[in-house]
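Structure record follows, encoded as structure tokens.
Any read-out appearing in this document is the output of simple, stated calculations on the displayed coordinates, not a laboratory observation. Treat the numbers as computed from the prediction; the structure is a model and nothing was measured. As a convention, Cβ positions derive from the backbone with ideal geometry for all residues, glycine included, and neighbour counts pool all protein chains shown.
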């Protein structure tokens, strides 16, 4: 019998594995013209559903079931579960449940975790059931009720810890919030329980912020985008920068500042809010005008931790995801996707900006290149003068078990599934 060369056997196995891995693509019902999205060459989009409600963060279970947290409670519930029964990528089942509204959503050790503005709860998942049964368990309660920056997104590390964003209910910790004539409070009393990241046990029930929380990092105005990087084994966040600089002091500050800052977070990190902001045009942290700043002074800000990358002002980062799949080309492996919700306070005669998902390549702990727009066109073809004009606003990100990237929209609750096919729509 003639022997088959060993290299041919390996090549045949590789080809078969590639076919098997991407076999799901043949069944997907890709949207015409990618449902209005602009994607890199070789990527296509499936419109999983066109409406769920004001969708925020999203997670995809190992069996492909999708779970979404809603910013506003509906008459059916505040959480949404989606299931595709025939493999075309479009949701065939849509179920609402839970009496909460919020943003955070993750799966950890067989439980569906979700947050309201003052708590983190979880449901036990059963792979045979789309909607979890029973009452949710309270993991952490006791966060201060607040009107601004109230959401509590969270993430998990590899060692059984959970990290929760606790935003500051203020623009710049002024005595009279959002008043040009009002001075900043120094020291800022909000930092005692807000304006940072708190660490908790990931699974212990009945915790409270005061009794059980550890203030892991401080000086963060609000970080809706928060994620643990499993490759570098570090926490990362992207901060919503302060408002009103250009509006109140147009002679001193441009619309591009302050930057939306991308941070690597360590235990004890201090990033400087409310005293400081990062001016990406000058490449340094400077003192806020409410604390004596003039656009140049650094003073205490020279000692605060800086970003690993900076984005234009008011883009509003609302989710952060490190790509752990293998469906996308190699350049995307272990890189970061960031969903920007879009600006609201640029000048009226300018187009509001953001409203897209960007990609940041990574090597180890830090970015290895510049950011680039990955998915665009959410807001629609017309100029957007205010967020209310946007047709869609990207908010949540998740990776499916096959490596697809899922993106939620907070206007109507559309869900997009992005797949690499090597073709274009």
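Springs between alpha-carbon pairs under 10 angstrom, Gaussian network model over the chain: which of 210, 415, 166 fluctuates most? The residue that fluctuates most here is 210. Its relative contact order, with pairs defined as Cα atoms under 8 Å and 6+ residues apart, puts segment 234-358 at 22 percent.
With helices as the sole contributors, the chain gives -1500 deg cm²/dmol at 222 nm; each DSSP H run of n ≥ 4 counts as -39500 (n - 2.57), and the sum is divided by every residue.
When DSSP assigns beta bridges and you keep just the ones with both residues in segment 184-280, what percent turn out antiparallel, to the nearest 5? In segment 184-280, DSSP labels about 85 percent of beta bridges as antiparallel. Taking the chain as a Gaussian network, where each spring joins two C-alpha atoms under 10 Å apart, which residue of 159, 202, 225 fluctuates the most? In the Gaussian network model the winner is 159.
When the Kirkwood radius is taken over all Cα pairs of segment 6-420, what Stokes-Einstein diffusion coefficient follows at 37 °C and 0.692 mPa s, in µm²/s?
Using the Kirkwood radius from Cα pairs, D works out to 150 µm²/s.
Summary of the geometry: segment 62-130 and segment 257-276, compared by the centres of their Cα atoms, lie 31 Å apart. With the simple spin-label model, which puts each label point 7 Å out from Cα in the Cβ direction, the residue 308 to residue 158 separation comes to 1.5 nm.
What does DSSP give for the chain in terms of the percent of beta bridges that are antiparallel, rounded to the nearest 5? Could you put the intermediate results ahead of the total?
Details: 85 of 89 bridges.
The antiparallel proportion sits near 95 percent.
So what does the Cα-only Debye profile of segment 349-425 read at q = 0.14, 0.15 Å⁻¹, as log10 I(q)/I(0), no solvent term? Relative scattering, expressed as log10 I(q)/I(0), comes to -0.57, -0.65.
Once the Cα atoms are used to define both axes, helix 6-21 deviates from the longest principal axis of the chain by about 60 degrees. Computed on the Cα atoms alone, the convex hull of segment 91-194 gives a volume of 140 cubic angstrom per residue.
Residue order for 119, 404, fewest other beta carbons within 10 angstrom first, comes to 119, 404. Relative contact order for segment 224-281: 32 percent, from Cα pairs under 8 Å spaced at least 6 residues apart, divided by residue count. Summary value for the chain: 16 percent relative contact order, contacts being C-alpha pairs under 8 angstrom separated by 6+ residues. In this simple spin-label model, placing a label point 7 Å from the Cα along the Cα-to-Cβ direction at both residue 383 and residue 137 gives a separation of 5.4 nm. Using the Cβ-Cβ distance between residue 62 and residue 363 with R0 set to 30 Å, the FRET efficiency from 1/(1 + (r/R0)^6) comes to roughly 0.55.
Which of rounded, prolate or oblate describes segment 195-344 when judged by the alpha-carbon gyration tensor and an a/c cut-off of 1.5? Mind dumping the intermediate values first?
Working: a/c = 2.10, a/b = 1.34, b/c = 1.57.
Oblate.
Of 291, 378, 154, the sequence from fewest to most neighbouring Cβ atoms within 10 angstrom is 291, 154, 378.
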